[in-house]
Amino acid sequence: MALDRRWPLALARGAVPVALGLLLWVAMAGGEQERQQMLKGRPGADAESFADRRRQNELIMAALREAAETDDNVANRAVPWRK
């Protein structure tokens, strides 16, 4: 008979941390839409800025790829893509 009383108590003790974690997750996820809207309104979030950053990243990756493929010291070489 003591076993009959222990199960509900054990289940309740196990459910409290799960419920607390779920409440904290809901509280944190609630502001996600507002954060996304705020990020969309920031300067540099338009398609042109993304294209510029993408092109710059491609140039950097090309320079890194070239540096990885050669044994020369490319740090002292004049790089054509430097601003």
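The values are calculated or read from the model by the stated rules, or taken from the named source; none is laboratory data. These numbers come from a predicted model, not from an experiment. Ideal geometry is used to build each Cβ from the backbone, glycine not excepted, and the neighbour counts take in all protein chains shown. The protein model used for the area step is the full one, side chains on, heavy atoms only, and it has no ligands, DNA or RNA in it. Shrake-Rupley method; radii C 1.70, N 1.55, O 1.52, S 1.80 Å.
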Discussion item. Take Asp4 and tell me if it is over 18 Å from the mean Cα position of the chain (by Cα), open to solvent by less than 100 Å² (accessible area, probe 1.4 Å) and acidic (Asp, Glu).
Written reply: no
Fill in: Condition broken by Ala10, with the remaining ones in (1) in a helix (DSSP H, G or I); (2) open to solvent by 80 Å² or more (accessible area, probe 1.4 Å) satisfied
(2)
Worksheet item: Quick one: would you say Ala27 is surrounded by 10 or more Cβ atoms within 10 Å (Cβ to Cβ) and either outside any loop (DSSP other than H, G, I, E, B) or free of Cβ contacts under 8 Å to residues at least 40 places away in the same chain (or both)?
Response: no
Discussion item. Given the criteria open to solvent by 80 Å² or more (accessible area, probe 1.4 Å), modelled with pLDDT under 85 and hydrophobic (A, V, I, L, M, F, W, C), does Trp81 qualify?
Written reply: yes
